[in-house]
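This report concerns only the one structure given below.
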Amino acid sequence: MLDIACGAGDILRSIAGLARRTRRPLFGIGVDANPLVTAYARAAAEDFGELAWMRGDALSPPFGSRSFDLVICSAFIHHLTPDQAVTCIRQVARVSRGWLIVSDVVRSHPAYLSYPLLAWSLDFAPITRHDGAVSLRRAYTPDELAEFAAAAGLSNWRIHRHRFCRMSLVCAPGGD
């Protein structure tokens, strides 16, 4: 599997842990543009030999078409312009053999307006308070994500809405 814009690698480590517990084989690669982030992810995954980390561009991943069974991209699309989001989804689909998940926060005015109070009451770190508010303001709606999927040429996808202002674009081979 491939995790595009993997950040600190938390998702890949969690999936690798699940694969180990269920005795399923897994090889995962995390790609992020920030070399400090990939160095952190590599160090945090020191005990996970089945995971590899590399620097790369989410808009032009350095892999051939259909290289991975599953490609994920989480909490990244809101950092992109609409055109870049379409390119990212198109590239995620290109390197996937059919399974892909693009997950992100949802732009929501009630969430954006209430977030500062929540962050303050839960004593979030200053950077988390700032980044969370910015992310909610920059995020897209499920309808916009659907437009990006259609513009990227996907045909077998669904948008799932989740609690806490989250959504996922899920694509399965054959439309399953």
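Of the residues Ala85, Ala139, the single one that is touching a His at 6+ places or on another chain (Cβ under 6 Å), at pLDDT 80 or above and buried (at least 18 other Cβ atoms within 10 Å of the Cβ) is Ala139.
Inside segment 60-86, can you point out the residues that are among the polar types (S, T, N, Q) and either without any contact (Cβ under 8 Å) to a residue 40 or more places away in the chain or touching a Pro at 6+ places or on another chain (Cβ under 8 Å) (or both)? Spell out how you get there, then give the answer.
To start, the set of residues in segment 60-86 that are among the polar types (S, T, N, Q) comprises 60, 65, 67, 74, 81, 84.
Across segment 60-86, the qualifying residues are Ser60, Ser65, Thr81, Gln84.
Which residues, counting only those in segment 35-58, are part of a strand (DSSP E or B) and either on the phi > 0 side of the Ramachandran plot or charged (D, E, K, R) (or both)? Let's see the steps before the verdict.
Just the residues of segment 35-58 that are part of a strand (DSSP E or B), to begin with: 51-55.
The one that is part of a strand (DSSP E or B) and either on the phi > 0 side of the Ramachandran plot or charged (D, E, K, R) (or both): Arg55.
The residue of segment 53-62 that is nearest to Gly7 (Cα to Cα), among those that are of a type in the set (Gly, Ala, Ser) and touching a helix residue (DSSP H, G or I) at 6+ places or on another chain (Cβ under 8 Å), is Ala58.
Here is a list: Arg90, Arg107. Which entry is crowded, with 16+ Cβ neighbours inside 10 Å, within 19 Å of Ile159 (Cβ to Cβ), modelled with pLDDT of 95 or more and among the charged types (D, E, K, R)? Being crowded, with 16+ Cβ neighbours inside 10 Å, within 19 Å of Ile159 (Cβ to Cβ), modelled with pLDDT of 95 or more and among the charged types (D, E, K, R) holds for just one of Arg90, Arg107, which is Arg90.
Suppose we filter segment 40-60 for residues that are closer than 21 Å to Ala151 by Cβ and either in contact with a strand residue (DSSP E or B) (Cβ under 6 Å, 6 or more places away or on another chain) or of a type in the set (Phe, Trp, Tyr) (or both); how many remain? Explain how you work it out, then say what you get.
Start the filter on segment 40-60 by keeping residues that are closer than 21 Å to Ala151 by Cβ, which leaves 57-60.
With the extra rule that they be either in contact with a strand residue (DSSP E or B) (Cβ under 6 Å, 6 or more places away or on another chain) or of a type in the set (Phe, Trp, Tyr) (or both), the set shrinks to 58.
Summing the residues that are closer than 21 Å to Ala151 by Cβ and either in contact with a strand residue (DSSP E or B) (Cβ under 6 Å, 6 or more places away or on another chain) or of a type in the set (Phe, Trp, Tyr) (or both) in segment 40-60 gives 1.
Taking residues in segment 4-21 that are on the phi < 0 side of the Ramachandran plot, and partners anywhere that are charged (D, E, K, R), the pairs with Cβ atoms closer than 6 Å and at least 6 places apart or on different chains are Cys6/Asp32; Ile11/Asp3; Leu12/Asp3; Ala16/Glu50.
Scanning for something of a type in the set (Ser, Thr, Tyr) and farther than 25 Å from Val105 by Cβ, does segment 27-46 turn up at least one residue? Checked segment 27-46: no residue is of a type in the set (Ser, Thr, Tyr) and farther than 25 Å from Val105 by Cβ. Just so you know, in segment 62-74 the residues that are surrounded by 16 or more Cβ atoms within 10 Å (Cβ to Cβ) and either farther than 16 Å from Ala152 by Cβ or at pLDDT below 95 (or both) include one that is nearest to the chain's Cα centre (by Cα), and it is Ser74. Among the residues making up segment 1-33, those that are more than 16 Å from Ile72 (Cα to Cα), out of contact with any helix residue (DSSP H, G or I) (no Cβ under 9 Å at 6 or more places or on another chain) and not in a helix (DSSP H, G or I) are Thr22, Arg23. Residues that are among the acidic types (Asp, Glu), closer than 19 Å to Leu100 by Cβ and either out of contact with any helix residue (DSSP H, G or I) (no Cβ under 9 Å at 6 or more places or on another chain) or surrounded by 15 or more Cβ atoms within 10 Å (Cβ to Cβ) (or both) do not occur anywhere in segment 39-50.
The values are calculated or read from the model by the stated rules, or taken from the named source; none is laboratory data. Note that the structure is a prediction, hence the values are computed from the model and not measured. Backbone-built Cβ (ideal geometry, glycine too); neighbour counts: all protein chains shown.
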